[in-house]
Each structure stands twice: as C-alpha cells, then as structure tokens.
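Here's the structure we're looking at; comments come further down.
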Amino acid sequence: MIRLLAYYTFATGDLEDGKNYHPVIYFHGFPGSGIEGGVCAKSAARFQCKLYAIDRPGFGSSEPLTLDKTESADDYIAAVVRDVWDFVRRMNWPKFSIVAVSGGGPFAQAMLESYMLTKLGIDTSVPTLEAISVVAGVCCSAGTEGMMPQNQALCRLIMKDSFWSRLLLRIQFSLQRFLLRYFPEKLIISMSKPMLRYCPQVDKEVFSNAVIQHHFIENAKEAIRQSAEPLFIESRVLFRAHQGFESSLREKWSQACSEGKKVPRVTIFQGKLDVNVPPSHSRYVHRELLCGTSLLREYPYLGHVSLVVRKADEYMQSAAL
C-alpha cells in the first residue's frame, strides 16, 4: 500500500541546486510535524547537509495510519519504517543520515534495527545509513522516573490501556487540538505556564524567546491539523514499556560489533536537567540497546528544549561527518 508522505526540506545557498549536500532525514518530536526541522536548518546548511523533515502518519499533511484491534503498535512502527525506506530508495541516495528528536527516537531506533537486518544481512543494495543523532529520544523501557508529573500521568494512562484510559486520552488530545485551533497564541502561551513550572530555568529562558514560542506553537498546530486521532495513536506507540524491535536491535548490533562489521555512527545527546525525557532514557538506549558502543553526550546544565535549540550545531555536525 502506498501512502502520501509529506516532508519539508531545509537548505540554503548552493545546497538548493540539489548537489553537494549530505541528505539527513529528520524525525520530529511528539506532537510535531516537519516544521520542527526549522530549529536546526541553519546548522544543517552549515555542515553541508540538507534536511528532509518528514510528517509522520496523520501529522501535518501525511496520510494517516490506523491502529485498531487487528494492528499492534509494532505493526504501526514497522509501517512507518517501510514508508521511510521507500522514500529513501525513491530519492536514490547512496547514503544518508538521521536526526531524531524526542518522540522521534523510537522511529530512529526502528530504522536502525531494520538496517541491521538488511544492509548487514541479506540485502547489500540498501543505501548506507551513515550516522544517527538521537536528541533526548524517548525510551520508556527505562521507566518514567524523572519525568514531570504530566508526562508520568500520560504514560500511566497509556500503559493501563483500558476502555476508560483510552477515552480519557482521546478527550485530552481533542481538547489540546481545540485550544490550538481556536485560541490566540498569547493565551496558549499563558495557559502553558503551569506546565513550564516543572521545567529547569534554562528551558524557561529558551521558551521565553518570542520566535521560539511562535515556532513551537505553529509546529504543534500543524501537527494536529487533520485531527486529534494521530496524537492518540502515536502516544500509544511511543509511551509503552517496551518496543518490539528492541531485542532484535540489541542482538544484531552486538553481533555486528563483535564481528567487526561497519555499523552506523550513533551519537546520543541528552540534557541532564531534562524532565520531559529524563537522562535514564538515553542511558538505557546507550547501555542496553547499543551495548555501550554509541557515543553518549550529556550536558549538565541543559534541559529538553534548551538542548534541541542550543546544541543544533553539535547534533547536525555529528550527522554530517
């Protein structure tokens, strides 16, 4: 089945001619859209990269995917991975990299697992995945300790997975969509202040910038433009205790490293003050899934949004080299 996959491109100067650049797929956070890639667009151009920021199913302009009784969260992630690989092949790239932010983390890990099964297995014609930069990527296998109360409550609702918890989730996301669509931006910012009180001061400082505020609100508005259902579906995919691809990724990665095979460079970026996605998530991916062989870069004085905004040069450079 072929679905519409929408994406944004970000580049400047001589990169616009379609030559002399390194392609980088950008996996946005939750909730989000390809607009989010604008945060690191200048950094991408600085390191001769061109960003392809994809709207995941149902977000922005991409065609939705359903998640019902006949389809599991693992099937959903696998379908997204197939779509992205189809996109890469259609672009005819010999090699590419990935930058994944927050909720984009599990999709980058699933892409890596798929790559390990193909490129390093039976299909050597697969384009080369050069590098992955994971920026405060979600991994709820590490638990929810260290998250702000709102995020912990969201995870508990999702993991309970009852009729009433699903109903509450749908109501919550529908309300968010209503507020974003019909309330003025200043009022939305004012209403977000109670949530910001749990964030470190450095995140509050970054989000106090009017340009950053506008960018993230526009990104959120685009994310829910079609409906609130994609938020409900993807929340159940992202914030569960274990992802189905994890054991396979751990096994294939460990095997490839022990055999001395060339694997993609994986660099994980994490703010130690992050209460959206706590450091335990990045450490779990580094130690448990990638056997301690990735490069884990932790920043003592950064949180979530401050990491994404202030370290764009570093995670884009890591994807480019």
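Inspect region 131-147 for any residue being surrounded by fewer than 18 Cβ atoms within 10 Å (Cβ to Cβ), in contact with a Phe, Trp or Tyr (Cβ under 7 Å, 6 or more places away or on another chain) and either under 30 Å from D274 (Cβ atoms) or of a type in the set (K, R) (or both) and give the result as yes or no. Checked against the condition, which is being surrounded by fewer than 18 Cβ atoms within 10 Å (Cβ to Cβ), in contact with a Phe, Trp or Tyr (Cβ under 7 Å, 6 or more places away or on another chain) and either under 30 Å from D274 (Cβ atoms) or of a type in the set (K, R) (or both), region 131-147 yields at least one hit. Helices (runs of 4 or more DSSP H) fully within region 185-275 that include at least 2 residues being of a type outside the set (K, R) and modelled with pLDDT of 90 or more: 201-207, 210-223, 229-238, 246-258.
The set of residues in region 155-197 being free of Cβ contacts under 8 Å to residues at least 40 places away in the same chain, loosely packed, with under 14 Cβ neighbours inside 10 Å and either touching a Ser or Thr at 6+ places or on another chain (Cβ under 8 Å) or among the acidic types (D, E) (or both) consists of R156 alone. Would region 189-204 turn up any residue that is among the polar types (S, T, N, Q), farther than 22 Å from S33 by Cβ and under 20 Å from the mean Cα position of the chain (by Cα)? No, that holds for no residue. Looking only at region 287-321, residues that are free of Cβ contacts under 8 Å to residues at least 60 places away in the same chain and over 24 Å from G37 (Cα atoms) come to 6 in all.
Residues that are outside any strand (DSSP E or B), among the β-branched types (V, I, T) and over 21 Å from V305 (Cα atoms) within region 124-156 comprise T124, V126, listed in sequence order.
Being free of Cβ contacts under 8 Å to residues at least 60 places away in the same chain, of a type outside the set (A, V, I, L, M, F, W, C) and closer than 21 Å to H281 by Cβ is a property that Q150 has.
Among residues of region 41-63 that are closer than 20 Å to F96 by Cβ, those with a beta-carbon under 7 Å from a residue that is surrounded by 22 or more Cβ atoms within 10 Å (Cβ to Cβ) and basic (K, R) at least six positions away or on a different chain give the pairs S62/R56.
Out of everything in region 85-107 that is assigned to a helix (DSSP H, G or I) and buried (at least 24 other Cβ atoms within 10 Å of the Cβ), what residue ends up being nearest to the chain's Cα centre (by Cα)? So, considering only residues that are assigned to a helix (DSSP H, G or I) and buried (at least 24 other Cβ atoms within 10 Å of the Cβ), the one nearest to the chain's Cα centre (by Cα) is G104. Candidates are the residues of region 276-289 that are in a loop (DSSP other than H, G, I, E, B) and in contact with a Cys (Cβ under 9 Å, 6 or more places away or on another chain); the one that is surrounded by the fewest Cβ atoms within 10 Å (Cβ to Cβ) is N276. If only residues of region 208-225 that are of a type in the set (S, T, N, Q) and free of Cβ contacts under 8 Å to residues at least 40 places away in the same chain are counted, the one that is nearest to G37 (Cα to Cα) is Q213. Scanning region 21-40 for residues that are over 19 Å from G103 (Cα atoms) and either modelled with pLDDT of 90 or more or assigned to a strand (DSSP E or B) (or both) yields a count of 2.
The values are calculated or read from the model by the stated rules, or taken from the named source; none is laboratory data. Because the structure is a prediction, the values reported are computed rather than measured. Note that we place each Cβ from the backbone using ideal geometry, even for glycine, and neighbour counts take in every protein chain shown.
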